[in-house]
Every structure is written in structure tokens, then in C-alpha cells.
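Right, one structure below, let's go through it.
The values are calculated or read from the model by the stated rules, or taken from the named source; none is laboratory data. On a predicted model such as this, the values are computed, not experimentally measured, just so you know. Every residue, glycine as well, gets a Cβ built from its backbone with ideal geometry; the counts of neighbours run over all protein chains shown.
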Amino acid sequence: MLNPSQTPIQILNQISEDAKLQEAILHIKPGKFKRGPDDPIYVHRGYYTRMLKSFLTDYKLMNAILTDKKLQTRFFRVFGYEGEVDFTLYPQCWIRDLPLLQIGKMSYLGDGIVLGTNKVSIDQKTVKVGRITIGDHTIIDQDCMLGYSTHIGHHTAIGVRSCIGVKTHIGNNCRIAEIVNIGHCCNIGNDVSIGQVSAIGNFTTIADGTKIPAFSRIPPKSSIE
């Protein structure tokens, strides 16, 4: 439990000395893992998640951390994040597996975003874990969701309530409008625009510079040039 009488920096300094947390960070890695109390990786992941959630569910504490660049940097480093820390993030974002995140310089992530670096199987026996990378100067607006092993390029903007599937690549200078659903394993080129309330099927490729009108429905395994 976090001590509410401590300042944010005192809390972070105390957490940084937790040897169990530092050991757990070493086990935050991509792959497919068993879920269960007898699996050592699952045990480490569970401890890491509990410690991280103790911060993420305390919006007052997270607001203090995310409005102070030094505190933000300290928070991300304590939980194993190694990338750029010069970005905007809001307290009600859902972030997991910080060692697997790469958020670009001067990027903006609005409230309600889910960076889904892991996904449990339907039978709940395994979990798949992957990296999420976001380029420099990229905007991801409120209530968006990104799946694991997804890459978003530089200078790209994604509108509110859009969903990006797992293992999808979106290039640089793209414009994804509001309420767009991009499926799994898609490859979206550079300078692509997709109009609002569109759906892009799984395993679709969209070439550089393509403009997809609003309310489009692109079938799975399409190739758009």
C-alpha cells in the first residue's frame, strides 16, 4: 500500500528500492506465457502489475506525477521504462508493461487511452505480450485502444475512440479520424488518411498516400493502392 502521508518523490524513491520489483522488471518481456501461480514469469508479472496499479488507480497521485517532468521521468524509470520521457500523458490512461513501451518525443496521449501490451487467451491459460511503439510528435486522442506489437509512426494523428489491432503497423504522417477500427496485422503506409467511422479488416495493406473516405468498410486481406 502507498503511504498517503508521503510526497510523490518519497513514494517513488521508496518503490525504487524494492528488490522484488526490480527483479520483476527483468521478466517484463515479449512472448507467450502461462498464467498461473506456479509459473515464475506469471508471478513476477503479477507483482509488477500490482505495484503499477497502485499508482495508476490513484488519479490524484498520477496527476501530481504527470504534471511534473522530473516526477514523470522518475516514475517511468522506476517501472523500467527506457525510452523518451518528453511526452504528454494523462492520469486516466491505462498503461502496462512499461519496459515494452516506446513513446516518442513531444507525443500526446489523451485521457482514456489503453496501451494493451498484453492480452489474455479466451481460456485464460496464457497471455501474449508485445511491445508498443509510438513515434515523435504523434497524437493519440481520447479513448483510443492499441493492441500489443503495434507500431505508430512519427507525426501521425489518431482520432477519438479509434481502435488499432495487434501487430499492426501505421506509418508516418497519417491521419486516422474518429471512431476508426483498424484490425489485426494490418500495414498502413506513410501519408495515409482514413475517414471517420471506417473499419479496416484484418491483414489489410494500404499503400503510401492512400485516402480512405469516411464510413468505409474494407474487407480483410485487402490491398489498397
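Listing for the model above:
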| item | result |
| --- | --- |
| Of residues in the stretch 17-27 being among the aliphatic types (A, V, I, L, M) and not in a loop (DSSP other than H, G, I, E, B), the one surrounded by the most Cβ atoms within 10 Å (Cβ to Cβ) | A24 |
| Those strands (runs of 3 or more DSSP E) lying entirely in the stretch 80-142 with at least 2 residues closer than 20 Å to L66 by Cα and modelled with pLDDT of 95 or more | 101-103, 132-134 |
| The stretch 154-173, subset outside any loop (DSSP other than H, G, I, E, B) and touching a Lys or Arg at 6+ places or on another chain (Cβ under 9 Å), residue surrounded by the fewest Cβ atoms within 10 Å (Cβ to Cβ) | A157 |
| Scope the stretch 192-225; condition over 17 Å from G153 (Cβ atoms), among the hydroxyl-bearing types (S, T, Y) and more than 22 Å from the chain's Cα centre (by Cα); matching residues | S216, S222, S223 |
| Residues located in the stretch 121-162, provided they are over 16 Å from C174 (Cβ atoms), of a type in the set (D, E) and touching a residue at least 12 places away in the same chain (Cβ under 8 Å) | D143 |
| Tally of residues being part of a loop (DSSP other than H, G, I, E, B) and without any contact (Cβ under 8 Å) to a residue 24 or more places away in the chain across the stretch 179-204 | 13 |
| Enumeration of residues in the stretch 28-71 that are out of contact with any Phe, Trp or Tyr (no Cβ under 9 Å at 6 or more places or on another chain), under 20 Å from S5 (Cα atoms) and surrounded by 15 or more Cβ atoms within 10 Å (Cβ to Cβ) | D58, A64, L71 |
| Tally, over the stretch 111-153, of residues that are buried (at least 19 other Cβ atoms within 10 Å of the Cβ), of a type in the set (S, T, N, Q) and over 10 Å from the mean Cα position of the chain (by Cα) | 1 |
| Cβ pairs under 7 Å, 6+ apart, first in the stretch 214-225 and among the basic types (K, R), second modelled with pLDDT of 95 or more and not in a loop (DSSP other than H, G, I, E, B) | R217/A199 |
| Near pairs, Cβ below 6 angstrom, 6+ apart or cross-chain, from the stretch 49-74 (within 19 Å of Q22 (Cβ to Cβ)) to any residue that is among the aromatic types (F, W, Y) | L52/F79 |
